[in-house]
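**Q** Let me begin by handing over the structure; questions about it come next.
The values are calculated or read from the model by the stated rules, or taken from the named source; none is laboratory data. Keep in mind the model is a prediction, meaning the values are calculated, not measured. Positions of Cβ are backbone-derived with ideal geometry, glycine not excepted, and every protein chain shown enters the neighbour counts.
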Amino acid sequence: MNRKISRKEFLAQMGILGTSVVVFNSCGFNSSTKNVVSMDPPVIDQLKSGEDIFSYIKRTTEDFNQTLFRQIIGAANEFKEGDQTLGVAAESSNSRENARILLANTKVGDLNQQSLFSDELYDLIQDTTEKNPDLDSWTVGELKEFILTQPEESIKEIMPALNSDIIACVVKLMSNEELIQLGQKVFNPIPGTQIGSKGYMSARVQPNSPTDNPTDIVWQVFDAWSYGVGDLVLGTNPVSSDPKSVAEIEKALYDVITTFGLEKTISNCVLSHIDVQSEAEKIYPGTSGIWFQSLAGTVNANQTFDVTIAKMNEHMDSRNGQFGLYAETGQGADFTNGHGEGFDMLVHESRKYGFVRALKYRLAEGKTPENTPWVHVNDVAGFIGPEVFKSKEQLVRCCLEDTAMGKLHGLTIGLDVCSTLHMDVTLDDLDWCIEQIMPANPAYLMALPTKNDPMLSYLTTGFYNHVKVREQFGYKINDAMWDFFKKIEIIGEDNKPTANFGDPTWVYYQYRMAKGDLRTREEIVAEGRKTIAEIEDRGVPIAQGFGENVWDLEPELDKKIHALYEDAKESLWTEMTPDFVQSIPAAVPLLTKSKDRKDYVYHPESGEVLSDDAVGKLEAMLSTWNVEIPDIQLVISDGLNARALMDEGHLTPFLIELKGNLENMGYKVSSEPILYTHGRVRAGYATGEVLFGSSQSQKNKNGIVHIIGERPGSGHHNFSAYITAASFDQWNEKGKVDHDITRVVSGISDTALKPQKAALQTAEILDGLFKKLA
């Protein structure tokens, strides 16, 4: 008879029992619109013949209106939810078309005279844009026509004189087909390589490990190379930002590269903060490859990443070798971190490319073109979620826009064609998206064993997608790496896959031979198979073989990935049950401003704001405390996975152990945990403001531990504990307490980081934060 298997059985079948993640660094990665002031979009109609943006504003408002200026520029975009939140999306398709007419009629010089938003980054972009007075008299429509009709050489002559805002404006006027047309004729290859050249499609291997295990990471490189994939960079996202941990991973990747003699062909990279990479380089000098940094489009948004112009310039000045900067960007990252500044996401994104271009110029100073360090940028198009955009059509549009803008900035730009599990984009939809985007010929894509990232719980491109793209579109990879794949007999002299294709143990065998290993092939392969089994037990899939075609994922692995996807979707929409709510001793159930689960998922900012009823009940709780103010308040929220809390053996043992540990340390913990339905991380900060920021609760310091369901996708149903301690003055100032002073323990479940162990780590971290406030 049929029976419902347990989650542990499910995970055992998936081969991912036992994964854990512990993060102790600050966490500025959560979506927020806390500083966004939404405006009603204007109706843009009744245009006069030949009217441009500035004459329209003057006629309709009798004076210049900066808000309307930003709204017209924003309204020219294809619709995205993020622009709507910012109040700059078009009110209707008619308004969008009229905004484009006004923009097309506006002269480049006039737009250059009126900035949408000015700061030091905007000034840097202006200072590093060449002057070309002839362009000032062109309208944006004429510029578009020039780009679409003239050859690459002519376009490249004017590209250095196009600032980021003008590039964004001309892209707004283009259809998808026109963006592809641009992409097919403008190329900025990395000097001395074919990476970024016409007809080439490279790959960043993304060998992520939920535990930063170097073996997991290195074997995913062997796996990628067994499919003839991975010619740009071996770039892993670390769990820990500890320089020693980062250095160990860099060393492991560098060892693979140097063992095969590829140190001039491909680079390694651990995608930690650039300051951490600098420190890691000092531990094992010469082993860090290209240096990475996420970049934003304004000074304030870059501060979220702990980045300044001066800091980046200093790091660029230290990069004198072959490998310079790997930058990462993405539409929506600025406004979801509270720095929308009133202008649209496309212009924000374009300014990021302007920042990268300025840094590229700095790296090139005093160097010949062939000696200029590598610079490339990766647009992470769909990682944030439905608050930015949520459909597969929008994902395609975003990728085409960003590819065009990157190319017009003179950059080697690749794409992370990706989606989160709470977007309306399925595993199979991503295949469709890839087919729509690839004609624009971006420089590279991400490459993982499957589409499902085992650490970041999002969907992107697998090794097999690269094999199919090469077959479908005739794209090649960097010639030097293709020759290497022939050398290790993954690709034959006929440029076709050999019998070793899709066998990572063969690549491992070649690696051991290059190391001088004298064992037999059988012994080395047996060791490799044993290692693969251990890796898969840790929750990291290793692709082996293929399906009916060499570009098809092996059928059993494909089934596992679809099963994880379906589990994640079910988890995302599951609500906390009344029985579960009642099972938490003395819990105080409260609501945020989210209307329902759908509103919460698609408008996450609603889950950051407490309902009026919640504020009233918190104030009532405060009044019962009198002078006995607890040191610590526990907050519980469903987050993006209520099952992470409701699964047996998860929340209850964590709460019992955490409270006991804190009380043993001498802290008074509130006897009534707060339980939010549809709560985000910042709901915890808002709770602290009410309870610890009023005059009647004044103490030197108080803390919040916010327990919240993580983004699903791994199958573990993990939850996290966000740990914050702040002074009365901080709690008393609305919005002062935020991610920058918070620490997090992640990956908590009975099949990953055990709740009892996580509770001790949480208590120790909170104790440390309190001591720092002393």
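**Q** Filter region 186-215 down to the residues that are under 30 Å from residue 710 (Cβ atoms) and not in a loop (DSSP other than H, G, I, E, B) and list them by number.
**A** Hits for region 186-215 are 203, 204, 205, 214, 215.
**Q** Could you tell me whether region 568-582 includes any residue that is without any contact (Cβ under 8 Å) to a residue 60 or more places away in the chain, part of a helix (DSSP H, G or I) and among the polar types (S, T, N, Q)?
**A** Yes, the conditions are met somewhere in region 568-582.
**Q** Select from region 560-589 the residues that are surrounded by fewer than 19 Cβ atoms within 10 Å (Cβ to Cβ) and small (Gly, Ala, Ser) and list them in ascending order.
**A** Scanning region 560-589 gives 563, 583, 586, 587.
Residues are listed down the side, and each one gets a yes or a no for (1) in a loop (DSSP other than H, G, I, E, B); (2) β-branched (Val, Ile, Thr); (3) touching a Phe, Trp or Tyr at 6+ places or on another chain (Cβ under 6 Å); (4) in the same structural domain as residue 410 (by TED's automatic domain parsing):
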residue: 447; (1), (2), (3), (4): no, no, yes, yes
residue: 464; (1), (2), (3), (4): no, no, yes, yes
residue: 481; (1), (2), (3), (4): no, no, no, yes
residue: 485; (1), (2), (3), (4): no, no, no, yes
residue: 494; (1), (2), (3), (4): yes, no, no, yes
residue: 510; (1), (2), (3), (4): no, no, no, yes
residue: 533; (1), (2), (3), (4): no, no, no, yes
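**Q** Right, next: Is it the case that some residue within region 471-490 is buried (at least 20 other Cβ atoms within 10 Å of the Cβ), among the hydrophobic types (A, V, I, L, M, F, W, C) and within 29 Å of the chain's Cα centre (by Cα)? Walk me through it before giving the result.
**A** Residues of region 471-490 that are buried (at least 20 other Cβ atoms within 10 Å of the Cβ), as a first pass: 477-478, 481, 484-485, 488, 490.
Imposing the further condition that a residue be among the hydrophobic types (A, V, I, L, M, F, W, C) reduces the set to 477, 481, 484-485, 488, 490.
Narrowing the set further to residues that are within 29 Å of the chain's Cα centre (by Cα) leaves 477, 481.
Looking for residues that are buried (at least 20 other Cβ atoms within 10 Å of the Cβ), among the hydrophobic types (A, V, I, L, M, F, W, C) and within 29 Å of the chain's Cα centre (by Cα), one finds at least one in region 471-490, hence yes.
**Q** If you go through region 41-61 one residue at a time, how many are closer than 15 Å to residue 74 by Cβ and of a type in the set (Ser, Thr, Tyr)?
**A** Matching residues across region 41-61 total 1.
**Q** I would also like to ask the following. Hey, among 407, 352, 367, 360, which residue is assigned to a loop (DSSP other than H, G, I, E, B) and basic (Lys, Arg)?
**A** It is 367.
**Q** Can you tell me which condition residue 649 does not meet? The list is (1) touching a Pro at 6+ places or on another chain (Cβ under 9 Å); (2) assigned to a loop (DSSP other than H, G, I, E, B); (3) within 26 Å of residue 420 (Cα to Cα), and all the others hold.
**A** Looking at each condition in turn, residue 649 falls short on (3).
**Q** Might you check whether a residue that is under 29 Å from the mean Cα position of the chain (by Cα) and in a helix (DSSP H, G or I) occurs anywhere in region 544-553?
**A** No, region 544-553 contains no residue that is under 29 Å from the mean Cα position of the chain (by Cα) and in a helix (DSSP H, G or I).
**Q** Can you name the residue in region 253-276 that is under 24 Å from the mean Cα position of the chain (by Cα) and hydrophobic (A, V, I, L, M, F, W, C) and, of all such residues, is surrounded by the fewest Cβ atoms within 10 Å (Cβ to Cβ)?
**A** So, considering only residues that are under 24 Å from the mean Cα position of the chain (by Cα) and hydrophobic (A, V, I, L, M, F, W, C), the one surrounded by the fewest Cβ atoms within 10 Å (Cβ to Cβ) is 276.
**Q** Might you check whether a residue that is over 25 Å from residue 145 (Cβ atoms), at pLDDT below 95 and not assigned by TED's automatic domain parsing to the domain that holds residue 330 occurs anywhere in region 66-80?
**A** No: zero hits.
**Q** Would you call residue 189 within 24 Å of residue 398 (Cβ to Cβ), outside the structural domain of residue 603 (by TED's automatic domain parsing), out of contact with any strand residue (DSSP E or B) (no Cβ under 7 Å at 6 or more places or on another chain) and surrounded by fewer than 18 Cβ atoms within 10 Å (Cβ to Cβ)?
**A** Working: within 24 Å of residue 398 (Cβ to Cβ): yes; outside the structural domain of residue 603 (by TED's automatic domain parsing): yes; out of contact with any strand residue (DSSP E or B) (no Cβ under 7 Å at 6 or more places or on another chain): yes; surrounded by fewer than 18 Cβ atoms within 10 Å (Cβ to Cβ): yes.
Yes: the conditions hold for residue 189.
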